[in-house]
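J.: Supplied in structure tokens, the structure appears directly below.
The values are calculated or read from the model by the stated rules, or taken from the named source; none is laboratory data. What you are looking at is a predicted structure, and each value in this text was computed from that prediction instead of being measured. Note that we place each Cβ from the backbone using ideal geometry, even for glycine, and neighbour counts take in every protein chain shown.
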Amino acid sequence: MGLLQDSDITEVRERFEELITPVKLIHFTQESNLEYGREALQLLEELTQISSKVTLETCDFQRDKEKVAEYAIDQVPATVIRNGKDYGIRFYGLPAGFEFSALLDAILVVSKGDSGLRPETREKLAQLTEPLHLQVFTTPTCPYCPPAVKMAYQFAIESDLVRADGIEATEFPDLAEMYQVMAVPRTIINGNAHVEGTLPEHFFLDAILKTLKPREAS
């Protein structure tokens, strides 16, 4: 039995009509003791059946060490969303519920290869001089999470210095506890600062830049 219902497939097919360049999903999993691992893989397999522009490569977290190192994967299940270029866009966990929308958004923005951000946002991101790692914690029941994840992904599309992860908080409780995730969305910035909630584009970026070195935030 498939995870996607007929109505889901219809909606995905309509959204996938916007695809421009092919998108490759590189999924990292492992055979044993992985909660939701089978479901995450099945969901991605079902997506690839909807459009020939979306393909899937599966890697074993324990055996495919070179791939794990290449994509800096440190936990599973994990999915890389890329086209001919790796933009540093990742989703960790099973993208269920509202998180499924975030995965579709990632596929679409990667296929277009354009962030779609406002000119002012692009200008500020162009001024970055050091790497920026955004980890957006989400849950399947949070309707406010997909916009925050999508925006982080857009930042990664726009700047080679930005990496963006969507992380299903309930699947990685140790990580959520380490970053004191009590509510979602919560965006962790370079592992040592955070932004709460979903903010408009310019507020979100300004809040992030304020946590960086003074020369970055100016």
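J.: Would you say residue 193 is under 13 Å from the mean Cα position of the chain (by Cα) and not basic (Lys, Arg)?
T.: Against the criterion (under 13 Å from the mean Cα position of the chain (by Cα) and not basic (Lys, Arg)), residue 193 does not qualify.
J.: Anything in region 180-199 that is in a loop (DSSP other than H, G, I, E, B) and within 20 Å of residue 141 (Cα to Cα)? List them, or say none.
T.: First, pick out the residues of region 180-199 that are in a loop (DSSP other than H, G, I, E, B): 180-185, 190-192, 197-199.
Passing the criteria: 180, 181, 182, 183, 184, 185, 197, 198, 199.
J.: Return the only residue of 130, 120, 171 being within 17 Å of the chain's Cα centre (by Cα) and either under 19 Å from residue 78 (Cα atoms) or touching a residue at least 40 places away in the same chain (Cβ under 8 Å) (or both).
T.: Exactly one residue qualifies, and that residue is 171.
J.: So, residue 101, is that one in contact with a strand residue (DSSP E or B) (Cβ under 8 Å, 6 or more places away or on another chain) and not β-branched (Val, Ile, Thr) or not?
T.: No: the conditions fail for residue 101.
J.: Further question on the same structure: Would you please name the residue that is modelled with the highest pLDDT, looking only at residues in region 61-88 that are of a type in the set (Asp, Glu) and touching a helix residue (DSSP H, G or I) at 6+ places or on another chain (Cβ under 9 Å)?
T.: This residue is 86.
J.: What number of residues in region 88-124 are in contact with a Lys or Arg (Cβ under 8 Å, 6 or more places away or on another chain) and among the small types (Gly, Ala, Ser)?
T.: Result for region 88-124: 6.
J.: Being buried (at least 16 other Cβ atoms within 10 Å of the Cβ) and acidic (Asp, Glu) is the filter here; which residues of region 100-129 pass it?
T.: If the condition is that a residue be buried (at least 16 other Cβ atoms within 10 Å of the Cβ) and acidic (Asp, Glu), then 105 is the only one that fits.
J.: Restricting attention to region 81-99, report how many residues are surrounded by 23 or more Cβ atoms within 10 Å (Cβ to Cβ) and free of Cβ contacts under 8 Å to residues at least 24 places away in the same chain.
T.: Final tally of qualifying residues: 0.
J.: Could you tell me whether residue 204 is in a strand (DSSP E or B), in contact (Cβ under 8 Å) with a residue 12 or more places away in the chain and among the aromatic types (Phe, Trp, Tyr)? First the steps, then the outcome.
T.: Values: in a strand (DSSP E or B): no; in contact (Cβ under 8 Å) with a residue 12 or more places away in the chain: yes; among the aromatic types (Phe, Trp, Tyr): yes.
Answer is no for this residue.
J.: Right, here's the next one. Scan region 176-192 residue by residue and report those that are at positive phi and in contact with a Ser or Thr (Cβ under 9 Å, 6 or more places away or on another chain).
T.: Narrowing region 176-192 to residues at positive phi: 180, 190-191.
Once the filter is applied, which keeps residues that are at positive phi and in contact with a Ser or Thr (Cβ under 9 Å, 6 or more places away or on another chain), region 176-192 yields only 190.
Let's see how each residue does on (1) surrounded by 18 or more Cβ atoms within 10 Å (Cβ to Cβ); (2) under 14 Å from residue 102 (Cα atoms); (3) in contact with a Phe, Trp or Tyr (Cβ under 7 Å, 6 or more places away or on another chain):
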| site | (1), (2), (3) |
| --- | --- |
| 132 | yes, no, no |
| 148 | yes, yes, no |
| 154 | yes, yes, no |
| 166 | yes, yes, yes |
| 174 | no, no, no |
| 177 | no, no, no |
| 182 | no, no, no |
| 204 | yes, no, no |
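J.: OK, next. Tell me which strands (runs of 3 or more DSSP E) are completely within region 80-169 and hold 2 or more residues being more than 18 Å from residue 55 (Cα to Cα), or say none if there are none.
T.: Fully inside region 80-169 and qualifying: 132-138, 162-168.
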